[in-house]
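A.B. asks: Got a structure for you, written out below as structure tokens; questions coming shortly.
The values are calculated or read from the model by the stated rules, or taken from the named source; none is laboratory data. If you're wondering where the values come from, they're calculated on a predicted model, not measured in any experiment. Neighbour counts run over all protein chains shown; Cβ positions are idealised from the backbone, glycine included. Note: areas computed on protein heavy atoms with side chains; ligands, DNA, RNA excluded. Shrake-Rupley method; radii C 1.70, N 1.55, O 1.52, S 1.80 Å.
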Amino acid sequence: MAQINPSILSADFSRLAEEAKAVEGADWLHVDVMDNHFVPNLTLGTPVVESLARATDIPLDCHLMIEEPDRWAPQYVEAGAGSVTFHVEAAAAPVRLAREIRAKGARASMALKPATPVEPYEDLLPELDMLLIMTVEPGFGGQAFLDIMLPKIRRTRELIAKHGLELWLQVDGGVSATTIERCAEAGADVFVAGSAVYGTDDPAAAVRMLRNQADEATGSAAWACGH
Ligand SMILES: O=C(CO)[C@H](O)[C@H](O)COP(=O)(O)O
Ligand SMILES: [Fe+2]
């Protein structure tokens, strides 16, 4: 079944606990950490992650858009994240970092910006629990989905099948009722949605609708035969 991870980047930051409750039934809560260096935006850090982890039973999926993830990512596991994603463009030693995140008890995930190809990282995939393919340039919510990323999603799904991996394939950026089916058909199975969830009157219903759409599209997709 498809997993839907609402992004609190599009929530009201003054009411984060309530906003987390508003998406009950979501698989993970996606927490975008931005440092004003790796991306031109600044959001939150470990104190807010610690508070959120206490405020909700939904596991936290922390997407670190920061410089020096080798130095900071382990602290997000200690703060309560169940999954920690670092950007390969910023990591000095991605294999060591993925192993450290796993050793500390969280799922290890690596993100690729739109211009970063997946092929150079084929041999690293067994070290990861999830690969995140950005479908917008990271930094802001509410941007238009980049269709040109669909071939990369397809190629990544083929690599996962070729190596028989359990790796989850996440897409993030511009995922909505009009784009989620294309992502699912291409091979994504974890979907981050910010504005498409928090921009509606009923965020929990939006999560359910997106999941249904993704499941239907996956059901008719060639890559999912026997999945
Ligand atoms: O990582 C991100 C931006 O860098 C966000 O997770 C993403 O943009 C979610 O927002 P939306 O669904 O509105 O595009
Ligand atoms: Fe994100």
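A.B. asks: Relative contact order of the range 94-202, please, whole-number percent, based on alpha carbon pairs below 8 angstrom and at least 6 residues apart.
C.D. replies: 24 percent
A.B. asks: Another one. How much length would be gained if the chain were fully extended between Ala205 and Arg154, taking 0.36 nm per residue of separation minus their Cα-Cα distance, in nm to one decimal?
C.D. replies: Extra length available between Ala205 and Arg154 comes to 15.5 nm.
A.B. asks: Find which of Gly219, Val197, Ala92 sits farthest along the positive direction of the dipole of the range 3-221, computed with +1 on the beta-carbon of Lys and Arg, -1 on that of Asp and Glu, about the Cα centre.
C.D. replies: Going by the charge dipole, the pick is Ala92.
A.B. asks: Gain in length, Ala55 to Glu24, computed as 0.36 nm per residue apart minus the alpha-carbon separation, to one decimal in nm?
C.D. replies: Once the chain is fully extended between Ala55 and Glu24, it gains 9.9 nm.
A.B. asks: Report, in debye and to the nearest 20, how large the dipole of the chain comes out about its Cα centre when Lys and Arg carry +1 and Asp and Glu carry -1 on their Cβ. Don't skip to the end; give the middle numbers.
C.D. replies: Values: 18 positive and 33 negative charges, 61 e Å.
So the magnitude is around 300 debye.
A.B. asks: Show the residues, 5+ positions off or on another chain, whose built amide H is closer than 5 Å to the amide H of Val175.
C.D. replies: Those lying under 5 Å, H to H, from Val175 are Gly194.
A.B. asks: Considering only DSSP beta bridges with both partners in the range 3-221, what is the antiparallel share in %, to the nearest 5?
C.D. replies: The answer is about 5 percent antiparallel.
A.B. asks: When only Cα pairs under 8 Å and 6 or more residues apart are kept, what is the percent relative contact order across the chain? Intermediate results must be reported in sequence, preceding the final value.
C.D. replies: Details: 477 pairs, mean separation 46.4, N = 227.
So the answer I get is 20 percent.
A.B. asks: Provide the gained length on full extension for the span Phe13 to Ala222, in nm with one decimal, where the gain is 0.36 nm per separating residue minus the Cα-Cα distance.
C.D. replies: 71.2 nm
A.B. asks: Still on this structure: Any idea which of Gln143, Gln75, His30 is furthest toward the positive side of the dipole for the chain, if Lys and Arg beta-carbons carry +1 and Asp and Glu beta-carbons -1?
C.D. replies: Gln75
A.B. asks: Using the Karplus curve 6.51 cos²θ - 1.76 cosθ + 1.60 with θ = phi - 60°, what ³J(HN,Hα) values do you get for each residue of the range 10-21, in whole Hz, with x for Gly and Pro?
C.D. replies: 3J(HN,Hα) across the range 10-21, in whole Hz: 9, 8, 7, 5, 7, 9, 4, 5, 5, 5, 5, 5.
A.B. asks: When DSSP beta bridges are limited to those with both residues in the range 1-99, what percentage is antiparallel, rounded to the nearest 5?
C.D. replies: Close to 10 percent.
A.B. asks: What chymotrypsin sites (Phe, Trp or Tyr not before Pro) in the range 60-160 are in a loop by DSSP, with at most 16 other Cβ atoms within 10 Å of the Cβ?
C.D. replies: Loop-located and lightly packed - Phe140.
A.B. asks: Continuing with this model, one more query. Considering only protein heavy atoms and a probe of 1.4 Å, how much of the accessible area of the chain is carbon and sulfur, as a whole percent? List each step's numbers first, then the result.
C.D. replies: Working: 4930 of 9800 Å².
Ligands and nucleic acids excluded, carbon and sulfur reach 50 percent.
A.B. asks: Follow-up. In the chain, which whole DSSP H runs stretch at least 15 Å along their own axis (Cα) and average -1.0 or higher on the Kyte-Doolittle scale?
C.D. replies: Span-like helices in the chain: 150-163, 203-219.
A.B. asks: Which value in nm describes the separation of the simple spin-label points at Arg102 and Glu166, placed 7 Å from the Cα toward the beta carbon?
C.D. replies: Label at Arg102, label at Glu166, 1.0 nm between them.
A.B. asks: A follow-up question, please. How large is ³J(HN,Hα), in whole Hz, for each residue of the range 175-180 in order, when computed from phi with the Karplus curve 6.51 cos²θ - 1.76 cosθ + 1.60 and θ = phi - 60°, using x for Gly and Pro?
C.D. replies: 7, 8, 4, 8, 10, 5
A.B. asks: Tell me the per residue accessible area of the chain using a 1.4 Å probe; a whole number in Å² is fine.
C.D. replies: On the way: 9800 Å² over 227 residues.
On a per-residue basis, 43 Å².
A.B. asks: Shape call for the range 72-140 from the C-alpha gyration tensor, a ≥ b ≥ c root eigenvalues: rounded (a/c under 1.5), prolate (a/b greater than b/c) or oblate?
C.D. replies: Details: a/c = 2.02, a/b = 1.36, b/c = 1.49.
Oblate, because a/c is 1.5 or more while a/b does not exceed b/c.
A.B. asks: Another one. If you average the alpha carbon positions of the range 96-148 and of the range 1-77, how far apart do those two centres end up, in angstrom?
C.D. replies: That distance is 16 Å.
A.B. asks: Per DSSP helix of 4 or more residues, -39500 (n - 2.57); summed, then divided by the residues of the chain. What does that give at 222 nm, rounded to the nearest 500?
C.D. replies: It lands at -10000 deg cm²/dmol.
A.B. asks: Give me, ordered by chain and number, the residues 5 or more places off Phe38 or on other chains with an amide H under 5 Å from its own placed amide H.
C.D. replies: Close amide H contacts, sequence-distant or interchain: Glu67.
A.B. asks: Set Lys and Arg Cβ to +1 and Asp and Glu Cβ to -1, take the dipole of the range 3-221 about its Cα centre, and tell me which of Leu52, Leu159, Ile66 lies farthest positive.
C.D. replies: Leu159
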